[in-house]
1. In the range 394-453, what count of residues is obtained for those that are in contact with a Phe, Trp or Tyr (Cβ under 8 Å, 6 or more places away or on another chain) and outside any helix (DSSP H, G or I)?
2. If I ask for residues that are at pLDDT 90 or above and of a type in the set (G, A, S), which ones from the range 336-356 would you list?
3. Considering only the range 293-320, state which residues are under 26 Å from I180 (Cβ atoms) and surrounded by fewer than 24 Cβ atoms within 10 Å (Cβ to Cβ).
4. Right, P316: touching a residue at least 12 places away in the same chain (Cβ under 8 Å) and in contact with a Ser or Thr (Cβ under 6 Å, 6 or more places away or on another chain) or not?
5. Residues C167, C218: which one is at pLDDT 75 or above and in contact with a Cys (Cβ under 7 Å, 6 or more places away or on another chain)?
6. Counting just the residues of the range 85-96 that are within 15 Å of N413 (Cβ to Cβ) and without any contact (Cβ under 8 Å) to a residue 60 or more places away in the chain, which one comes out surrounded by the fewest Cβ atoms within 10 Å (Cβ to Cβ)?
7. If I ask for residues that are aliphatic (A, V, I, L, M) and at pLDDT below 90, which ones from the range 357-372 would you list?
8. Filter the range 63-101 for residues that are modelled with pLDDT of 85 or more and part of a loop (DSSP other than H, G, I, E, B); which is farthest from A123 (Cα to Cα)?
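The values are calculated or read from the model by the stated rules, or taken from the named source; none is laboratory data. Given the structure is predicted, the values throughout are model-derived calculations rather than measurements. Every residue, glycine as well, gets a Cβ built from its backbone with ideal geometry; the counts of neighbours run over all protein chains shown.
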Amino acid sequence: MINDMKEESMEHDQEVVPSSSISRTVTHDFASSHQIDDPHKFSDGWNTRSMLVLFGSFLGMIGSLGFVNSGGVLQTYLLQNTLQNSSSSTVGWIFSVYNFFAFGMTLISGPIFDKIGCKIPIAFGIIVMMVGLVLTSFCKQVYQFILSYGIVTGLGAAFTFGPFISCLSHYFLEKRALAIGASYTGGGIGGVVLPLIFRSLFEKVGFGWTIRIGALICFFFLTVGWILVHDRHEEFKEHSEESIFKQIVGSVDFKILLHHGLFSVIVFGLLFNGLAFLITLVVISSYSTSRGFTDSESYLLVVVFNCFSIPGRIIPSYLADNHLGRFNTFCIINTVSIIAFTVIWLPFGHHLTALFVFAACFGFSSGSVLSLSASLVASIIPTKEIGKGLGTAFFILSIGDLFAIPIAGAITNAGTRKSYDNLVIFLTCCAGVGLLVSLLARYLYGGLNLKRV
């Protein structure tokens, strides 16, 4: 009788997250990961190897995302110099294609990571990325930039970015959000350092050598990161007699979007948050020049944006793991984003001080949104399928990235202040959708009760 009462009580204390093959029960906390994976397999960073993997992932992200977070500076330079006869919407396709491949091709690199680990994919990505950047340094036409930077460099970035993040899930469970956030700070640091270097080198050595020097810097961080990171795919992967190619093809599957409601909601929110993040990062520089501010001030806006994204990846991730829960923190950070648009940029964007305040606020929140999205996916996906889960999520994100900058270019093609104001309204709507979706995800995961989830 007592045992029956205990079992009944336990049933009331649990909620069920809808899904298909990876449906699991979750408790009041964000401990769904404990239901999906055996917690005894994870040290959560309290040993030398785990910390070396985290440090290697951090260094790798400097090289992998450094150019991604410098997109605004590169686009502004190309519009004013090499491609000055091309429209902003046309030039925008270069960076849209790059982001599509950098994030979208994790759909391929993710399953490969699940099957063979991180070493081979990252090595392949480093080589391809360096070839693409060297080719980019010689480009003169838009189509050349799209082929060399957009496709080749973007493909290489996908095979570095995905495995550097996914390998952390082999070592961290309860501190997974903090680990992923710490790794993402590398991308923020790259986005601070590279624009400052580019700003100095463009005038001294020209575009070609600036890109080559940037490639050399990225190569150093990527290589050191590759040496340090390790994975445990042999412990987590499902053993099969099929060839690796067939296993990879079979694991690229969108059925999870149809059958796993919570995963689909998180990915939908990531799509709109990604639109707001990418367009803002790329356009804020040209927006400031349209308001009459100097090129130096526009460069500094990008630097401030990326500077504040660094604590934005660490502080909320720490709160998510230790105090508030990942879904609660995700909702709070999305609220900060919508406040930054509606209270600061939309009404006061014509003031330089307000732009710097906005860059700081949204840099902080957007950096956290992207890293927390990855940790949310990792919370509801088994570790053995983490590459596939993150790959699918970032592929959906990349679809938005493919059209994001051309859409922004079409809205601002007139180059007037009114057109840029319309773009800010569009970005505010994207951030608003991101907030609503984050609240829905929190409801699906934890219900209406005020608790740590």
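1. 3
2. Within the range 336-356, S337, A340, A354 meet the criteria.
3. V303, V304, C307, F308, I310, P311, I314, I315, Y318, L319
4. In short, yes.
5. Exactly one of C167, C218 is at pLDDT 75 or above and in contact with a Cys (Cβ under 7 Å, 6 or more places away or on another chain), namely C167.
6. Ranking the qualifying residues of the range 85-96, first place goes to N85.
7. Within the range 357-372, V369, L370, L372 qualify.
8. Of everything passing the filter in the range 63-101, N85 is farthest from A123 (Cα to Cα).
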